[in-house]
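The values are calculated or read from the model by the stated rules, or taken from the named source; none is laboratory data. All of these numbers come straight from a predicted model, not from anything done at the bench. Neighbour counts run over all protein chains shown; Cβ positions are idealised from the backbone, glycine included.
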Amino acid sequence: MHDAASTSAAPSAKTKAMRTRVPADSLLGRAILSSQLPPWLVLTAAFLAAVAIPGVALLPTSYSALLLPLLGLIVLSDLSFGLLATQVENLSRRLLMFEPLVCRLGEASWLVAFWLLGAPGWVLALTCGSCWLYVQTRSRARQLGLRQMGMTTLAERNVRTTTVAVAFAAIVVINTAGGDEYSSWVKGVATIAATSWMLLSLLGLLQVTVVAAAALKD
């Protein structure tokens, strides 16, 4: 991926306004900034990890442990991108456009992995739809200038990521301890995780809808 941005000591107002999940003065924030990685590289790493996750789900159960480091790479990229982007002058608009697409691709790869691990397709379709509605509704409300959309909901990306991480960890433990004879357990974990994700998305959508309706009424 090409990034036309150039580094500078004086970031533009656009990059300063970006939301960052890691404080720059925290230990993790200082470590990320000291790496001086270009944002395009972080985004590319997240993209490649997302593409690899369904592939790992297709491999024999002995390879399932790879799910966790791949997910960890996506999480680290999430945490790093916004912070590194604030240090870049005239950040590429192409990069800003692709960042949310990579996030959605990552989540789609988790759902595909759950399907390959045995979760029913209709559950995953409902999960995908409810999550998409939540993300789009919140994004549209922010575009309308509703400051209340800065609130924390039950469907935040870090909540979704945690749900998937717990499921992947349980699947790794099952595959490592039991092997193929416990394959039905893996299917159950994938189904429970997808269902939990769907319910959290619906609750988050309800929160956003209620708050947005009240704000627009005022």
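For this structure, a couple of remarks:
- Residues satisfying the criterion are present in the stretch 191-207 (criterion: surrounded by 15 or more Cβ atoms within 10 Å (Cβ to Cβ) and touching a Gly at 6+ places or on another chain (Cβ under 8 Å)).
- Tally of residues being among the hydroxyl-bearing types (Ser, Thr, Tyr) and crowded, with 23+ Cβ neighbours inside 10 Å across the stretch 73-92: 2
- A single entry from Leu203, Leu199, Leu216 fulfils the requirement of being closer than 16 Å to Gly129 by Cα, out of contact with any Asp or Glu (no Cβ under 8 Å at 6 or more places or on another chain), touching a residue at least 12 places away in the same chain (Cβ under 8 Å) and not charged (D, E, K, R): Leu203.
- Whichever residue in the stretch 73-87 is of a type in the set (Ser, Thr, Tyr) and within 14 Å of the chain's Cα centre (by Cα) and, among such residues, is modelled with the lowest pLDDT: Ser80
- When the stretch 186-197 is filtered for residues that are out of contact with any Phe, Trp or Tyr (no Cβ under 8 Å at 6 or more places or on another chain) and under 15 Å from Ala113 (Cα atoms), the ones remaining, listed by number, are Val186, Lys187, Gly188, Val189, Ile192, Thr195, Trp197.
- Residue list for the stretch 48-72, restricted to those being within 16 Å of the chain's Cα centre (by Cα) and buried (at least 19 other Cβ atoms within 10 Å of the Cβ): Ala49, Ala50, Ile53, Leu67, Leu70, Leu71
- Yes/no for Leu105 being under 18 Å from Val159 (Cα atoms), modelled with pLDDT of 85 or more and crowded, with 18+ Cβ neighbours inside 10 Å: no
- Annotation note: Cβ proximity below 6 Å between a residue of the stretch 34-62 that is over 26 Å from Val172 (Cβ atoms) and a residue that is modelled with pLDDT of 90 or more (sequence gap 6+ or interchain) occurs for Leu43/Val102.
- When Ile32 is tested against (1) assigned by TED's automatic domain parsing to the domain that holds Trp185; (2) surrounded by 18 or more Cβ atoms within 10 Å (Cβ to Cβ), only condition (1) is not met.
- Candidates Leu124, Leu144, filtered to the one that is hydrophobic (A, V, I, L, M, F, W, C) and surrounded by 15 or more Cβ atoms within 10 Å (Cβ to Cβ): Leu124
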